[in-house]
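Here is the structure we will look at, set down as structure tokens.
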Amino acid sequence: MSLLASLARAYERLLDAPEFGYSDQKIGFCVVLHPDGSVAEVADLRDHDKKRSPRVLRVPASPKRAGTTPRPNFMWDNINYALGAGKLTDPCDTRHDSFRDKHLEYFNRSVSDDIRTFCAFLRYWCPDQVRTYFDAENLPTEGIVFACSPTYREQFLHENTAVRGLWSKERERWISVEGKKTVDAACIVTGQRSPIERTHPPIKGILGPKVAESALVTFNSNAYESYGHRQGDNAPVSESAAFAYTTALNQFLADQNHRLQIGDATTVFWADASDRERALEAEALFSGMFDSLSDDRVAAARVKGKLDAIRIGTRLAQIDPQLDAGVRFFVLGLAPNVSRLSVRFFWESDFGSLTANYQRFLRDMEMDPPSRDAWPPIWRYLIELAAQRERNNIPPRVAGEWMRAVLAGTPYPLMLLSTVLMRIRSDGYVNGLRSAILKSVLIRNFKREVPVALDSENTNKGYVLGRLFAVYEEIQRAALGGNVNATIKDKFYGAASASPQKVFRTLDAGSQNHFSKLRKQNPGRAVNLEKTIGSIMDLMNPGDEPIPVALNATEQALFGIGYYHQHSDFFRKHDNKSEVNK
């Protein structure tokens, strides 16, 4: 199923989605009218709290505004269109004029008393009166609706039966651009012949610099048009299908239960199942798999037991057969771009396949000792790829491609390996998360057997040299304590992992000086470290040069894993010894 078709289908299953031709908007004020069209009051609809949050009302959908041509909304708008506030500073502003003239044109044959009241208001309203109801220096940004006194609290004008009927009949003509007729064609989403959407509704809620709203489908240049077609006619999507997919996507983006952030990609997910409860359960499980911030929501959905079973490797078919085969799952990653949204990834399959791929991801990432987080979310791994561990520095393409590989169970982007190695060489920090990433790439992309915990029998040169480097660092620490401005790792890790032959002779010579001091302070510790070095050196193949000139990328990854295992093992033994002494 295509992306647009799956979103359009999701719209059909939304419980509180606006119907075709309507949208949910933030409304702050209501202009209440007397029967003669004069203003009775301007009611403040905002919450009476510190934030003064506007109400969200279902109103007629807005036309897409671009360029300098005014395009008013139907029966509601911002203060510039609805009341002409722009005239306070700009005499040439025609926005309110267009709002007034277009409504009078469409209502010229109406016999409804409420509509007549609204038309009387439009004829006699003077924009200078805005000063009576609003501070000219602090005009509201929320939308404004209209109602008739004294029943405005029961029904706004845009909810009037006659108004809704006119909107249903004339909506296409209202929102159409002057001089451009709507074309009927076969919709590529539904397959039915119907009016085609020329400019698709905007998508809101994408995180990014200076991104308020963007289109997912747009043809904003002649270079993207062909065969004489203009704008949306190049890829015909019906007005109803365009409304459906954009409404569903906007609702998912506004809902924390359907959204998470993967690098620069705002990721939305949703399930399709015959049983709504099953779909909600699958969405809660996915949220728990990839975002630890959703633990409360996972607990509320009563799926914690199933999530724990999935994490320890139990097949979903054994946990819940209906979830395994009866739920279709979709994951979409969107990132901001110059003129339209960029699709980082789109994945679709049954939930059982997703769960199996997630379990494979956990197996590949298994590392002993583990990180502090029991089940780190994927964004926690991504932080390890960023300079200074700041989210804004996460490499964008790596994040999206990695997430897609995790979902589909395919090889990881090789840039993931090089990025981790670069970060380790840059800051010298080798932790469980970075080691796990290196291990997972070696397993999935290079089919290498990589130990989960310290493997004292592993003879790979990279792994052995990583262990040896950790021993030299421990010798320095044992001899000098923590009073060292720059450790061996700070000075030599990058060079040792890439060109070991140049570095390890220097490290061996320096360790002799540390050994002479350590033998005086702690002879037993010195003997144990000498034995450890001997056992590691015995793993070197006597037929080859003991210390190679250079290590390739996979061997550098094993160098980091070997270092992490050996370094962690020293501290584990130290902790055990401390507990015995206590």
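Annotations
- Contact order normalised by residue count of the chain, Cα under 8 Å, 6+ apart, percent: 10
- Accessible area in the full protein assembly, largest first, 1.4 Å probe, for S349, S418: S418, S349
- Membrane-span-like helices of the chain, defined as complete DSSP H segments with a Cα extent of 27 Å or more along the helix axis and a mean Kyte hydropathy of at least -0.5, are identified as 461-480.
- Residues whose amide H lies under 5 Å from that of I203, counting only those 5 or more places away or on a different chain, are S214, A215, L216; hydrogens are built 1.01 Å from N in the peptide plane.
- Bins of 5 Å from zero: percent of alpha-carbon pairs in the stretch 450-505: 4, 18, 27, 20, 19, 10, 3
- Percent of Cα pairs exceeding the 20 Å cut-off, where the set is the stretch 409-488: 44
- Using the alpha carbons alone, the radius of gyration of the stretch 481-531 stands to its Kirkwood radius in an Rg to Rh ratio of 1.02.
- For the peptides 154-162, 222-230, residues were scored by their other Cβ atoms within 10 Å and the scores averaged per peptide; the highest-first order is 154-162, 222-230.
- Distance (nanometres) between label positions extended 7 Å along Cα→Cβ at Q521 and A185: 7.8
- Accessible-area ranking of D320, D36, D427, largest first, probe 1.4 Å: D36, D427, D320
- With eigenvalues of the C-alpha gyration tensor scaled by 5 and rooted, the stretch 440-582, Å: 26, 18, 14
- Among residues other than G37 with Cβ under 9 Å from its Cβ, the summed charge is +1 (Lys and Arg +1, Asp and Glu -1).
- At a probe radius of 1.4 angstrom, the accessible area of the stretch 423-464 per residue rounds to 40 square angstrom.
- Placing dummy labels 7 Å off each Cα toward the beta-carbon, the span from V111 to T314 is 6.9 nm.
- Computed with a 1.4 Å probe over protein heavy atoms only, the accessible area of R116 comes to about 130 Å².
- Unit charges at the beta carbon, dipole of the chain: most positive-side option, A495, P60, A185: A495
- Under-5 Å amide H pairs with L33, H placed in peptide plane, nonlocal only: A40, A147, C148, S149
- Rg and Dmax, both from the Cα atoms of the stretch 186-233 and both in Å, are 13.3, 39.
- Of the residues L45, Y563, F99, the one whose Cα sits farthest toward the positive end of the charge dipole of the chain, with +1 on the Cβ of Lys and Arg and -1 on the Cβ of Asp and Glu, is Y563.
- Dipole in debye (nearest 20) - the chain, about Cα centre, beta carbon charges: Lys, Arg +1; Asp, Glu -1: 1380
- The alpha-carbon atoms of the stretch 212-265, seen along their principal axes, cover 43, 27, 16 angstrom, with the largest extent given first.
- Per principal axis, descending, Cα span of the stretch 277-405 in whole Å: 43, 40, 26
- Cβ-Cβ FRET estimate between N528 and D455, R0 fixed at 30 Å, reported to 0.05: 0.95
- Violating pairs (Cα-Cα greater than 19 angstrom) within the set K502/K531; K489/K531; K461/K502: K502/K531; K489/K531
- Accessible surface, 1.4 Å probe, highest first, among residues L465, L362: L362, L465
- Of K439/K491; K102/K204; K51/K204, pairs whose Cα-Cα distance is over 23 Å: K439/K491; K102/K204
- Mean projected area in nm² (Cα convex hull; one quarter of hull surface) for the chain: 36.4
- Largest to smallest principal axis extent of the C-alpha atoms in the stretch 362-516, angstrom: 55, 36, 30
- Each Lys or Arg adds one and each Asp or Glu subtracts one; over the other residues with Cβ under 13 Å from the Cβ of N552, this totals +1.
- Peptides 520-526, 456-462, 411-417, 561-567 ordered by average Cβ neighbours within 10 Å, highest first: 561-567, 411-417, 456-462, 520-526
- Fraction of accessible area attributable to carbon and sulfur, the chain (%, probe 1.4 Å): 48
- The stretch 474-562 - accessible surface per residue (Å², probe 1.4 Å): 51
The values are calculated or read from the model by the stated rules, or taken from the named source; none is laboratory data. Everything numeric here is computed off the predicted structure, so don't read it as measured data. Note that each Cβ is placed from the backbone with ideal geometry, even for glycine, and that neighbours are counted across all protein chains shown. Surface areas here come from the heavy atoms of the whole protein model, side chains and all, with no ligands, DNA or RNA. Shrake-Rupley method; radii C 1.70, N 1.55, O 1.52, S 1.80 Å.
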